[in-house]
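The values are calculated or read from the model by the stated rules, or taken from the named source; none is laboratory data. As the structure is a computational prediction, the values presented were derived from the model and not from experiment. Positions of Cβ are backbone-derived with ideal geometry, glycine not excepted, and every protein chain shown enters the neighbour counts. Accessible surface areas use protein heavy atoms only, side chains included; no ligands, DNA or RNA. Shrake-Rupley method; radii C 1.70, N 1.55, O 1.52, S 1.80 Å.
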Amino acid sequence: MKNLQFRTTHETHPGLRRRENEDSVAIHPSGRLWAVADGMGGHRHGRFASDTVVSNFAGLALTGSLDEDVSQIHRAIIAANALVYQRSSVEGATIGTTVAALYADGAQAVCFWVGDSRVYLFHDDRLQQITRDHTQVRHLLDTSQITTDEAKHHPMGHVLTRAVGAEPRVRVDLKAVDLAPDDIVLICSDGLTACADEDDIAAALRESGGQKACARLLELCLERGAPDNVSIVTIVCDEVTAVEYEETTLG
């Protein structure tokens with residue numbers, strides 16, 4: 001299995017119809033964990049919810065042990081759920097946040113998610129959605145109650161079935177992912193996918209590369225009206241190559 005290192009770029013913007021940005025982005029100093037959280041409940045409450053998740057991530061002492069770090073990240077989301085739900089109870093208001101995160105230890109990676117923020121993998125010129133939305137529309141699709149075309153403009157398109165802080169307990173979905181050199185991982189809030197479809201995202205990654213795709217995709221959202229906050233993180237996977245030293249004789 002190839003050893004990998006990562007190059008990261010991110011963008012976050014309130015969009016053109018909202019005064020505040022309720023999204024939060026996490027880039028862990030270890031270079032092993034990245035996340036996007038999309039808060040809900042009004043700008044003050046939504047920002048509190050998304051900040052709570054990313055703050056819990058920032059405080060993690062990641063070790064490089066896959067099993068131990070995955071367990072730490074999972075516990076951090078559970079702890080954030082408790083804090084946000086407690087605030088909801090005090091305020092008497094619905095407060096919550098989505099989260100989509102990627103942890104990578106070389107070529108081995110794990111996705112974590114709650115809600116409809118997404119993780120995509122661009123591999124061999126093909127874009128694949130790794131996460132599966134926790135939305136009412138996704139449920140209707142899975143149970144064959146609506147078609148794919150009907151889902152695109154369904155009035156319940158943004159109704160979540162799961163969010164951090166919405167209930168006393170939260171179920172976090174996890175999925176293992178194998179990464180390879182030249183792969184690009186993209187994490188985003190639904191502000192991106194409301195304006196750009198998978199063809200748009202794939203084209204930006206293909207034409208601009210991971211380092212410039214964030215800016216291109218944000219620009220595309222703004223051109224199309226950006227009705228919601230937009231947050232995007234890209235992670236480019238580079239192979240670590242051994243440095244060869246030529247033996248020389250001094251003197």
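Things worth noting here:
- Selected residue [of a type in the set (Asp, Glu) and closer than 20 Å to Arg169 by Cα] from Asp67, Asp38: Asp38
- Taken over the range 83-137, the criterion of being in contact (Cβ under 8 Å) with a residue 40 or more places away in the chain, among the small types (Gly, Ala, Ser) and open to solvent by 20 Å² or more (accessible area, probe 1.4 Å) is satisfied by Ala93 alone.
- Taking every residue in the range 1-25 that is on the phi > 0 side of the Ramachandran plot and pairing it with any residue that is crowded, with 18+ Cβ neighbours inside 10 Å and part of a strand (DSSP E or B), at least 6 positions away or on another chain, the pairs with Cβ-Cβ distances below 8 Å are Gly15/Val230.
- Options Asp182, Asp190; residue that is within 26 Å of Val53 (Cβ to Cβ) and at pLDDT 95 or above: Asp190
- Sub-6 Å Cβ pairs linking a first residue in the range 42-53 that is within 17 Å of Arg17 (Cα to Cα) to a second residue that is of a type outside the set (D, E, K, R), at least 6 apart or interchain, are Gly46/Gly39; Gly46/Met40; Arg47/Gly39, ordered by first then second residue.
- Filtering the range 227-250 to residues that are of a type outside the set (A, V, I, L, M, F, W, C) and modelled with pLDDT of 55 or more leaves Pro227, Asp228, Asn229, Ser231, Thr234, Asp238, Glu239, Thr241.
- Complete set of residues in the range 181-232 that are assigned to a helix (DSSP H, G or I), touching a strand residue (DSSP E or B) at 6+ places or on another chain (Cβ under 6 Å), open to solvent by 10 Å² or more (accessible area, probe 1.4 Å) and not hydrophobic (A, V, I, L, M, F, W, C): Glu198, Gln211
- Any hit, the range 37-55, residues being part of a strand (DSSP E or B), among the charged types (D, E, K, R) and open to solvent by less than 60 Å² (accessible area, probe 1.4 Å): yes
- For Ser89, the conditions (1) at pLDDT below 95; (2) over 18 Å from Pro168 (Cα atoms) all hold with the exception of (2).
- Every residue from the range 22-36 that is open to solvent by less than 30 Å² (accessible area, probe 1.4 Å) and either in contact with a Pro (Cβ under 7 Å, 6 or more places away or on another chain) or assigned to a strand (DSSP E or B) (or both): Asp23, Ser24, Ala26, Leu33, Trp34, Ala35, Val36
- Restricting the range 57-71 to residues that are part of a helix (DSSP H, G or I) and out of contact with any strand residue (DSSP E or B) (no Cβ under 9 Å at 6 or more places or on another chain), the residue that is nearest to Arg19 (Cα to Cα): Ser71
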